[in-house]
Structures are given as C-alpha cells and as structure tokens.
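Asker: Submitted below is the structure of interest, expressed as structure tokens.
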Amino acid sequence: MNMRKSTVIGLALIFVFSSVLVACGSKDASSNGKTLIWGRGADTKSLDPAQVTDGESLKVTKNIYDTLVDYKEENTEVEPGLAESWETSKDQKTWTFHLKKGVKFQDGSDFNAEAVVFNFERWMDKKNPYHKGGEFPYYGYMFGGYKGDKGHVINEVKAVDENTVQFTLKEPQGPFLANIAMPPFAIASPKAIKKDPEGLGKHPVGTGPFTFEKWKKNDTITLKKNKDYWKKGFPKLDKVIFKSMPDNSARFTALQSGEIDVMDGLNPDDAKTVKQNSKLKLSEQQGMNVAYLAFNMDKDTPVKDKKVRQALNYAVDKQSIIKSVYAGLATPAINPMPDSIWGFNKNVKDYSFDLEKAKKLLKEAGYEKGFKLELYAPSDPRPYMPDGRKVAEVIQSDWKKIGVDVKIVSYDWQTYLDRTGKGQHEAALFGWSGDNGDPDNFLYVLLDKDNTRTPDAGNISFYKSDSLHKDLIKAQRSTDKNERTKLYEDAQEIIKDDAPWVPLVHATPGIAYQSYVKNGNFTHPLNNDKLVKMDIQK
Amino acid sequence: MLIPVLIGMSIITFSIVHAIPGDPAKAILGEKATPEAVAQLKESMGLGKPLFIQYVDYVKGILSGDLGTSFITKTSVAEEIGPYLAATMELSFAAMVIAVFFGMNLGILAAWRHNTGVDYTAMVIAIIGVSVPVFWLGLMEQWVFAQDLSWLPSNGRIDARMGFEPITNFYFIDALIQGDFVAFGDAFRHIILPAVALGTIPMAYIARMTRSSMLEVMRSDYIRTVRAKGVSEFLIIYKHTLRNAFIPILTVFGLQMGLLLGGAILTETIFSWPGIGRYVYEAINNRDYPVIQSGILIIAFIFVMINLIVDLLYAWIDPRIQYGKE
Amino acid sequence: MSANTTMPTPTPSPVPKKNEPKIEGTSRLHEGWRSFLKSKSAVIGAGIVLVILLIAIIGPMLLTFGYNEVDANSRLAAPSAEHWFGTDDLGRDVFARVINGARISLWVGFFAVSGSIVVGSLLGLLAGYYGRWLDVLISRIFDILLAFPGILLAIAIVAMLGPSLKNAMYAIAIINVPTFGRLMRSRVLAVKQEDFVLAAKAIGMKDRRILFTHILPNSWTPIMVQGTLNFAIAVIEAAGLGFLGLGAQPPEPEWGKMLSDCRQYIQSAPWTMIFPGLAIMFTVLGFNLLGDGLRDILDPRMKQ
C-alpha cells in the first residue's frame, strides 16, 4: 500500500469535491415548474386515510382524495365536495346525497354512487373482503363502531342511481354531516382497492387535486398536479413535496435558507424571528384544541375536594404559561372547548390568577399547610402542548407559592397514554384536538362519566357528574341546534363549578412560509393544509 | 460465536420490548380508541398469546427469512429497512473517511514532531475531540455553518427539489451511476456537517493511536537502520512506519464503525437524517415490536460482521497473528 | 453520543513484572507520587476533576439564584453582571443551573461506573478464575451485551423502567458492564499463572481467599484506570439520555436536558446552549486526562 500516493489521491479528491461544491452550490432549483416543499415534523404512516389517526398522515391524503362534503374556507361549517347537494328526511334518519357528475379517479375510473357505497362498505363491514390494510379506527370512533356493533349508527348506504347515494341511520346523529366531511372518510378508487386493498396505503388513488408520485420513507413524499382535477383551474402548483424533519429548529433553519417553502410546528419563540424577516410570513392557525390539567378524582388525594381543585385553579397563571412556553401563540382556556366551536358559553367566568383566594380556599378545605401532589407531564411534544414538562414546571413554581409541592413525573407518549388511561396519575397534563368542530367531540369525549372506563379512559379526571351526563346525552340525541346550544352552555357551567380540570390554553400553532407562497388557507382550524388554491408567485 | 450471540440478543431484545409499558394496539388506534377496540385489536395481532409462544413464532419467522411486518406502516421490515440502513452506512462511512484522513495525519504529524508545539497542539485537539458530546457539536455546527453563515445545509441527505431518484439508496453511488454530478455535489454538501460531528470522536482516537504506535515504531532498530541509510524522513514515515501502525488503527476503525451504525441516533435526529438509529428509536416510541426487534438484530449482525472482517484483515496484514489460539 | 466503548484507548497489558503481591512501603508511594507529578495530563486532569468536585460540593451554597427560580419576565436574558451565563426560556439563571448540574453529572458518573465495576469485576473474576463452562457462559453474556448498539440498548432499558435519572444510571451501568468484565477476566487469566498464586494454591489456600487476597488486589490498577476513563463516557451517555428526555426529569438541572430544553433558542439565545455543553466537555475532558495520565504512570511499558 503506498500511503503517499493515497494521500495525494485523497487531497486531489477533496479538491475535486470542493470545486464541485462551488460549481453547484447555488443552483437554481425552481427549474421544474412550481414546486412547493412543506416541511413537517414526522413522516406519514399510511396513505390510506381510513387507516390513520395522525395529522401528519391526513395532511397528505387530504390533497390526494376528496370527501363528499367539505369544510368551508372561512370556518368549520360544511359545503359541497364530491356531493353537489343533499337533503335529509324529517326524522333526520335518511340522508340523500347528489353527486357531482363527470368526476374521475386518478386511475381513470369513474367516480359514482357505487364507488361511495363501495368505500363505506369497506370501512364498516369487518367481513368485507376489502376490509384490509389496517384497523379503520376513525370509522369506529365517529359512527359508534362497525357493522353488527350495538352502537353502530349507519344502517345502510345504498346507490339510488348512478349519481345518488342514500344513507339510512338507526337514530339521528347530531354531527353526521360534520363527520362525513372528515378527511379519513375520503373516497378512494374502487378499482385500485380491488386490485390491492392493502396497497392503497402505499399507492393511493383518489379524485383529489394531486396525484401520488413517490414516497421516500422518513424523508419525502412527492405529489404532482392532477391535470384532470374536477375544480377547473386548480390546483395551481405543479408539484408538492412533504419533507419530514423531526427537529423544529432545524426545520426553521431550512425555511430561512430557502430549502423549504412552508413549515408547520414553528417553535413559538421563532415567531419573532419570522416577523422580523421580510422574506417570511407567519400565520396562526385558529386552534381547535385544548390543553388542560386533569385532577384524578378517583385517587385518594386532597384534589378529591372541590375547594382544593378550585384553589389550584386560582393558583395557575395562564398568561405566564402562554408567555414562557407558547411565546404568545395561544389563548387562555376558560371552557373545555375553544370559542371557535359553536355552543361556547361566553358567560362562564374563569378563575382568575389570585393566590390569596387560593390560599383562603385551601385553608377552608383544611390544607393550610399545603400538600404534595404528583403531576404527570408528557415528554413528547403534542400539537396543543409544545413542551409539557415546561408547562408543568411553570405550574410547579406557581403552586409552590400556596404550599402545594408538585413532583413532576414524565413518560414517553405511549407509556403516558397507558398510565393515564388506567388512572395511575394524581394529576396529569393532557389535551385534545377536535375532529369535526362539534361540542360533543369535546365535552362528551373528555368529561362524561361514560368515558371513565379503564384501561382506556378518555375522561382522565374520572369526573362522574350525573347532571352533566343528562345534558350531554340529551344533546347527543337532538338535531335541533338551538336546543343543543342551550344544553352545552349549561354543561360548561356545571364543569366550571366542579373544576375537574384546570383548562390551560388553546394553542394557535404557528405556520411560517415564504412570502411568495400565496393563497394558503393557513388559519383554518381544520383544513389549513389543503393546497388546492395555494400558489407560488415569485 | 455469531449464532449464540444473535440468539441471546434476540431473547434480550424480545424481553425488553415486551416489558416496555404501553400498548402497540393503542399506538395504532390512536389516543381516541375505545377499550373494546383496543382489546379486539390486541387479540387479532396475537399479542394475547403467552410470551413464549410469541417468541417462538418470532424466531420461526426469522429463520424462514421473515423479519416481521411493522405494526404502524404495515410494511415488511425487510422491505422497509434497506433505505434506512443505506443512509446510516453512507453517513458512517463518510464520518470514518474524515476520521481516518484527519486522524492519521494528525497522529503522524504529532509523532514526527514529537515533543514540540505541533505535537502538543495535535494532542490537545485529540483529547478535546474525544471529550466533546457529539450532539452538542452537531448543534453548534448547525448554528455556525448552517444558520449563521448559511454555508451548508442543515438537514437531510439531498435537496428535495432535485427530484433525485435513488437506486441503491447510497446517494453517492447512485449519483455516479446516473452521471448526475449536480446531485453528487448536493449530497456531498449535505453530508459534511453530520459526518464531521460523527467523525470527531473516532478521529481523535485514531490520532492518538497513530501517534503512539508511530512513536513506538520509529524507535525500533529497523527504522533506525533505514534512517541511517539516508532515506528521506517523509518517505520513512509514510512508507515504513505507517504499515506497522496499521493494526491498532484498524481496531479503532472496526469498533467505531460498529458504534456509528447504532449510535448515530442523536446525530440523525438533529440533522433529519433518515437512518436506522432514528428508525428504531421511533419504533420504540410507537411500540412497533417487529421493527425494534429486527432492527436491533440487524444492527448487531452488521456490527459483528464488521468485527469479523477486521479480524480477518489483521491476519492478512500481519501474518504473525493466528486465530484459534487464546 | 458515541461511545460505550473504551477499547480504542491503547491498553497494553500491564502485567507486573515482579512477583510482588502487594504494593508496599512509603518509598513506593513516594515514587508513585513523583511519577504522578511528572505526567502533565494526570496533573491537569486531576486539577480539573478537583475543581468540578469543589463546584459540585460547595458551588450551590454560594449562588444568589436557585436553579429553579422561574421568572417569566426575564426570559432568555443575555449574560450580564446579574446572570453570568444569562437566563433560560423560563427565566432561570443558567449559571445556577450549570453549577447545580455538576452535582448531578458527578453523581450519575460515580454510581453508574461503580455499578459497572462491581458487577463487571465480579463476573470477570468468576469467569477468569473458574474457567470452563462458567467462563463460556459469562463471556457469551459479555459478547451479547457488546454486540448491542449501546445507546439503543440504554434507550430500550429506560423505556422499560420509565425515564428518570436513576433508571438512566442503571442503563448506563448495564451497558458498561462488559468493558470491566472482560478487563478483569484477562487480568485474572494473567495473574492466575503468577508464581505467588500458584504457591498459594499449592499450600491449599481456599479459592475465595485467593480471589480476594491475591487476585483482586493485583487486578485493581487497570480497573481503576478504566473506571476513570469510563467516568467520562458515563457523563456523556447520561447527557445524551437527558437530551432525549430519558434521563433527568424537570426541574433537575441536568446538562443534557438543559441542552434539549433550549435547543430552539440556539440562534436567539446561544448562551443557553454554549455553557451546559462546555460544562459537559470540561468534565469529560478532566476525567479523560486523568485516566490517560494514570495509565501512563501505571503502565510499565510507557514509563521507559
């Protein structure tokens, strides 16, 4: 082995490399049409929307598939999608949808009533030969189970004619339309499913604005323009690339250097930098979420006492949390749901940050000298809580002032779900992201006594109030919006007084993007990542 | 030797994985799942069976070449793991190239100018090099070279806008095959920061090893004789001494290469590098049992293989070493 | 985090050439001290370690700020006369946290390394002395543990036990066991053949006594040297686990955790990143230098 020679070769190689670098360092990358790169925190799990529950997966499928009805651009009310119009029977049990004509799937096959029926059958019927590729979790959540289950709400889906679909429900479902609009219930090509029902997760075929091109795992998913999209003139972009970059700061660096065009999951503290940079823009998504601290009322701790819970409510400085953990990208929470959802009770007054009152209440409850409490905090960031442990640290220092000594316990997300679902915590930080913009989706799921069953309790306060239960069930069965509103307003008052939670904040996640990105609907609480109208104008 | 190790590892991995609290069924169904749905899914996944049976099933699968199917992506691990493995190997290899090149030259320089300022400086660099936490170094590099100076990209393997189409998933090789020098250059720019971060510790080790073995060799009678014959200093060092110093360096190379494969999690996370460490780490977070088990097994297998190759290289370089003897 | 290994440092077998079962006499000690003073790296290393030890013990008493004094109104403040290292995102004094962190890191290093030494040496002793199937079994266990990617194994162990400083310590101790085990085994194999051991055996001394009065003391030096070097590795590993959120829990001011807490502020508030990182490096450097120096002193080959 001649070392000298290899050293020389090594040096020569370095020289060559560096000249290559210089030569191509500033290559103009926009040569292949309008390409948009969206940087995000995690990769997609599957491209079959019916199989996934995570936002990152749905973010991509939303742009490949369409749903029967869609959310409006301004709010979460429903507007036509693949269905042009619809009507419902008097008893609210039959829904008839009239489909758009001439729509084609990306594989050239026709979209029609049969296709809709085919998809619903595939989701709901566990015996269906195409019920494959996953567990279809969202279908079960939103429609009370699957075919044959007791709570399953859909009786039948049938094709009346080529362009008409009829749903028959067992009983009226208040949020039915809102449910149908959810991205997991997007219609996929029956031809593709029949070919390979499990393969849909890797080779998606829908009617949406973009078609699937390729997927490099844990790296990028590339979509290209669907030239035959049924909304004429759209989409504007030729190519969309979703790039997963787990580290928020690194993603932001990539945005600043122009490697990517849009990023979500902006670190709250970087918002300031975005505002100062003329090349970048910032949008705050109207969050449809809540972050809260749940007291476990089943455990034998001082928080069993309502006065103690109220006292602790008085002793949390939400503004300080918003300032130091969310960097202002959040609003304080008063009720368990944000005010962007109808039915929000404006008359409920929050427990103000008042240490004297808190001390007084503690004294009345007999805990003048304070007590010890274990507080769970998730170690992974959640959409509603970028850093659970830091939130816990702020609360810890607040409560110390009234003599309550908090021990923070932290687990990774799966362990966390497991332990809180079983009720092993004394108090825990938690949160919820809304699915369909209905109050039921917050209040019933998170606070009704029905949902205190271990080991997978949704109501991790184990708060069991009969008067609340009565209101919530009544509202669930009703389709009269006024009546439901009244019931939910009442429910929020009951909850406030019993104080099973400290509702902390509603996060308004920041999205940063290059100023040449136009028409992004970034503030929408649910569809901020639908790219139909988005454009690049340099 | 290899087989009992792999069996032992599979047992340990299997036991740990199943002892981690948390439920894969819940990880699949999401936090909104009902208890019934979770219980049902667990049943259908075979997670209700006794652990021993599950282990036997797993081993049977492995023996028939089936590494299992990811719970989350529903893709077979064998199919999925390739690109991750390639990404990590490419990064490790780049780190090693940096480590060997700079480490050896630093070591040679230090030995050549023994007990001078050059020697001390080199050794200070080396000792600091082994003391630096890799993840901190990576973050600092990003801060200085990517954020502040904007010289190099901070993320990923290649600019997504390139639309680069990998074949083997070793981007350098792929770019060369395709004759795409622009992509080659871009991949090169992307690998510099993570490779430097990852290569620093092995670099420092190699520098120290090189120096000490070189010093030893240079004192030997053989070299003194050669030197007395009037061969130039430079040639002596490169041609004669380095070969003798090669074995300890090779040891470091083998060990560090193996470590890089599994130990690059932090670097991969910081630099969004889609490698095997991150793949397994995320699987741990998702309780994706098949991926954790098979992923660790594969990493270990490669680790053992690398060490085997290194051992064989010893014997090839230095025929005095014989195997089979303690 | 790179290394759970220690092998790459040159470890020529330091077999004592003379048949002296024990180190004895003040002159010997004196000589040891003199050669210690001659080794620059040992002196510098010991100095650094001493400084960190002092900081860990008395530092926290001298501080004006507590390590968990949250102040939302002075977050991410730059270093100043009041806050020497600035403040972090919760407005806590970074200096106070770094100083308090020394205690945690030394603690973790000490217990993790002691744990590996005790378990590893014991296993190595048994394997080396009794040989046969016990040796095969124990050596296989070491092989298996070494074949694991160390950090992944540590992560899995912590995931199993739950994230906490204590569990991170266990994990680090476990992954470093084979290092000491193998070292001890090879030492025992070497010492076993020495005349004084053979003599002890010949006069019918019990195995246990031979192990503890002859073999263990004679194998102690390399273990201590290795222990010092592993201390450095344990500190880095603990910081790495902390960085992943698997080590120290809030509000403990563990250096690795401080880094992960503030990594998003690296541009706007670099002091939150620079100082904890330097603290790790400084500590690791100290132990590395000390370990290197000790090895140079105790290794007869390098003495010349």
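The values are calculated or read from the model by the stated rules, or taken from the named source; none is laboratory data. Since the structure is predicted, the reported quantities are computational estimates derived from the model, not experimental observations. All Cβ positions, even for glycine, are placed from backbone atoms using ideal geometry, and neighbour counts span all protein chains on display. Protein only, heavy atoms only, side chains kept; ligands, DNA and RNA dropped before computing areas. Shrake-Rupley method; radii C 1.70, N 1.55, O 1.52, S 1.80 Å.
Asker: Give the Cα extents of the protein assembly as shown along the principal axes, in whole Å, largest first.
Answerer: 106, 76, 61
Asker: Mind checking the mean number of beta-carbon atoms from other chains within 10 Å of the Cβ atoms in B:16-27? Could the numbers behind the result be given before it?
Answerer: Details: counts 6, 3, 1, 5, 11, 14, 10, 7, 1, 2, 6, 5.
Mean inter-chain Cβ contacts per residue within 10 Å come to 6.
Asker: P(r) tail for chain C, what percent of Cα pairs lie past 31 Å?
Answerer: Here the tail beyond 31 Å accounts for 38 percent of pairs.
Asker: Using only C-alpha positions, report the orientation-averaged shadow area of the convex hull of region C:61-220, nm², one decimal.
Answerer: 13.6
Asker: By how many degrees, between 0 and 90 and to the nearest 10, does the Cα long axis of helix B:246-263 differ from the longest principal axis of chain B?
Answerer: 20
Asker: Leaving out ligands, DNA and RNA, and with a 1.4 Å probe, what % of the accessible surface on region C:86-299 is carbon or sulfur?
Answerer: 69
Asker: What number of lysine-lysine pairs in chain B show an alpha-carbon separation below 16 angstrom, given a sequence spacing of 8 or more or placement on distinct chains? Write down the numbers at each step before the final one.
Answerer: On the way: B:K26/B:K42; B:K26/B:K74; B:K32/B:K42; B:K42/B:K74; B:K49/B:K60; B:K229/B:K239.
Count of close lysine pairs: 6.
Asker: Follow-up. Divide by every residue of chain B the summed helix terms, -39500 (n - 2.57) for each DSSP H run of at least 4, and state the resulting mean residue ellipticity at 222 nm, rounded to the nearest 500 deg cm²/dmol.
Answerer: Counting only the DSSP helices, I get -23000 deg cm²/dmol.
Asker: Now for a different question. What span do the alpha-carbon atoms of region C:86-162 cover on each of the three principal axes, reported in whole Å from largest to smallest?
Answerer: Largest to smallest, the principal-axis extents are 61, 22, 18 Å.
Asker: Roughly how far apart, in whole Å, are the Cα centres of region A:412-468 and region A:201-267?
Answerer: Spelled out, the Cα-based centre of one part sits 33 Å from the other.
Asker: Rounded to the nearest 100 Å², what is the sum over both chains of accessible area buried where A meets C, with a probe of 1.4 Å?
Answerer: When A and C are taken together, about 1900 Å² of accessible area is lost.
Asker: Same structure again: Please report the base-10 log of the normalised intensity I(q)/I(0) for region C:227-296, using a Debye sum with one equal scatterer per alpha carbon and no solvent, at each q in 0.11, 0.16 (1/Å).
Answerer: Each listed q maps to, in turn, -0.30, -0.57.
Asker: Determine Rg/Rh for region A:289-507; Rg is computed over alpha-carbon atoms and Rh is the Kirkwood hydrodynamic estimate from the same atoms.
Answerer: On the Cα set of region A:289-507, Rg over Rh gives 0.94.
Asker: I would also like to ask the following. Quick check on packing: order B:202-208, A:257-263 by the mean number of other C-beta atoms within 10 Å, highest mean leading.
Answerer: So the peptides B:202-208, A:257-263, ranked by packing, come out B:202-208, A:257-263.
Asker: Additional query: Shape call for chain A from the C-alpha gyration tensor, a ≥ b ≥ c root eigenvalues: rounded (a/c under 1.5), prolate (a/b greater than b/c) or oblate?
Answerer: Oblate, since a/c reaches 1.5 and b/c is not below a/b.
Asker: Pairs to check: A:K214/A:K538; A:K126/A:K202; A:K236/A:K538. Give those whose C-alpha atoms are more than 18 Å from each other in this structure.
Answerer: Table pairs above 18 Å Cα-Cα are A:K214/A:K538; A:K126/A:K202.
Asker: Shifting gears a bit: Rg and Dmax of region A:65-197 over Cα atoms: what are they, in angstrom?
Answerer: Looking at region A:65-197, its Cα Rg and Dmax stand at 14.1, 40 Å.
Asker: With charges only on Cβ, +1 for K and R and -1 for D and E, what is the dipole size of the protein assembly as shown about its Cα centre, in debye, rounded to 20?
Answerer: Working: 128 positive and 121 negative charges, 635 e Å.
Approximately 3060 debye in magnitude.
Asker: Quick one: which bits of region A:242-283 get at least 40 Å² less accessible when the partner protein chains are in, versus the chain alone, with a 1.4 Å probe?
Answerer: Those are A:K243, A:P246, A:D247, A:S249, A:A250, A:T253, A:E259, A:D269, which lose 40 Å² or more relative to the chain on its own.
Asker: Radius of gyration and Dmax for region C:139-246's Cα atoms, expressed in Å?
Answerer: Rg and Dmax of region C:139-246, Cα atoms, are 17.7, 57 Å.
Asker: State the answer as a single residue: which of A:Y384, A:I495, C:P60 lies farthest towards the positive end of the charge dipole of the protein assembly as shown, with beta carbon charges of +1 for Lys and Arg and -1 for Asp and Glu, about the Cα centre.
Answerer: Toward the positive end, the furthest listed residue is C:P60.
Asker: Further question: What accessible area per residue comes out for the protein assembly as shown, rounded to a whole number of Å², with a 1.4 Å probe?
Answerer: Accessible area per residue: 40 Å².
Asker: Just the number, please: carbon plus sulfur as a percent of the accessible area of chain B, 1.4 Å probe, no ligands or DNA/RNA counted.
Answerer: Carbon and sulfur atoms account for 67 percent of the accessible area of chain B.
Asker: Pull up the cross-link candidates among the lysines for A:K346, meaning alpha carbon to alpha carbon under 16 Å and not fewer than 8 places away within one chain.
Answerer: Reachable lysines: A:K486, A:K496.
Asker: Same structure again: So what does log10 I(q)/I(0) come out to for region A:149-218 at q = 0.21, 0.23, 0.27 Å⁻¹, using the Debye formula with one equal point on every Cα and no solvent?
Answerer: Debye intensities relative to I(0), on a log10 scale: -1.11, -1.18, -1.27.
Asker: Continuing with this model, one more query. Evaluate the relative contact order of region A:289-507 (contact order divided by residue number), counting alpha-carbon pairs under 8 angstrom at least 6 apart; express in whole percent. Show your work: numbers first, answer last.
Answerer: Details: 424 pairs, mean separation 75.6, N = 219.
Computed over region A:289-507, the figure is 35 percent.
Asker: Using a Cα-Cα cut-off of under 27 Å, which lysines could be cross-linked to C:K206, ignoring same-chain neighbours fewer than 8 residues away?
Answerer: Correct list for C:K206: C:K17, C:K18, C:K22, C:K192.
Asker: Show that you can apply the helix-only estimate: for chain A, add -39,500 (n - 2.57) for every DSSP H stretch of four or more residues, divide by all residues, and state [θ] at 222 nm to the nearest 500. Can you show the working numbers first?
Answerer: Numbers: 16 runs with 159 residues, N = 538.
Using -39500 (n - 2.57) per qualifying helix, the result is -8500 deg cm²/dmol.
Asker: Work out Dmax and Rg for chain B from the C-alpha atoms and quote the Rg first, both in angstrom.
Answerer: 23.9, 86
Asker: Could I ask something else about it? For the peptides B:276-284, A:114-122, A:285-293, what is the packing order when you average, over each peptide's residues, the other Cβ atoms within 10 Å and list the highest mean first? If you can, show how the numbers build up before the last one.
Answerer: Numbers: B:276-284: 25.0, A:114-122: 20.6, A:285-293: 23.4.
Order by mean packing, descending: B:276-284, A:285-293, A:114-122.
Asker: Which of the peptides A:133-141, A:470-478, C:202-210 is most tightly packed, and how do the rest follow, going by the mean number of other Cβ atoms within 10 Å of each residue? Intermediate results must be reported in sequence, preceding the final value.
Answerer: On the way: A:133-141: 22.4, A:470-478: 17.8, C:202-210: 10.6.
Final packing ranking: A:133-141, A:470-478, C:202-210.
Asker: In addition: Select from chain A the helices, each a whole stretch of DSSP H, whose alpha-carbon atoms run 24 Å or more along the helix axis and whose Kyte-Doolittle mean is at least 1.6; answer none if there are none.
Answerer: Those that pass (Cα extent of 24 Å or more, hydropathy at least 1.6) are A:3-24.
Asker: Determine which lysines satisfy two conditions relative to A:K232: a Cα distance under 17 Å, and not lying fewer than 8 residues away in the same chain.
Answerer: A:K100, A:K101, A:K104, A:K224, A:K530, A:K533
Asker: Putting +1 on Lys and Arg Cβ atoms and -1 on Asp and Glu Cβ atoms, find which of A:G366, A:N218, A:N459 reaches farthest to the positive end of the dipole of the protein assembly as shown.
Answerer: My answer, from the dipole projection, is A:N218.
Asker: Right, next: Taking both sides together, what accessible area is buried at the C/B interface, probe 1.4 Å, expressed in Å² and rounded to the nearest 100?
Answerer: Using a 1.4 Å probe on protein heavy atoms, the buried area is about 4500 Å².
Asker: Which value, in square angstrom to the nearest 100, describes the accessible area buried between chains A and B on both sides, using a 1.4 angstrom probe?
Answerer: For chain A against chain B, roughly 5400 Å² becomes buried.
Asker: What average count of beta carbons from other chains do you get within 10 Å of the Cβ of residues in B:125-132?
Answerer: Going residue by residue through B:125-132 and averaging, the value is 6.
Asker: If you don't mind, another one. With springs connecting C-alpha atoms under 10 Å apart, model chain B as a Gaussian network and identify which of B:T225, B:T210, B:T75 has the largest mean-square fluctuation.
Answerer: Result: B:T225 has the largest fluctuation of those listed.
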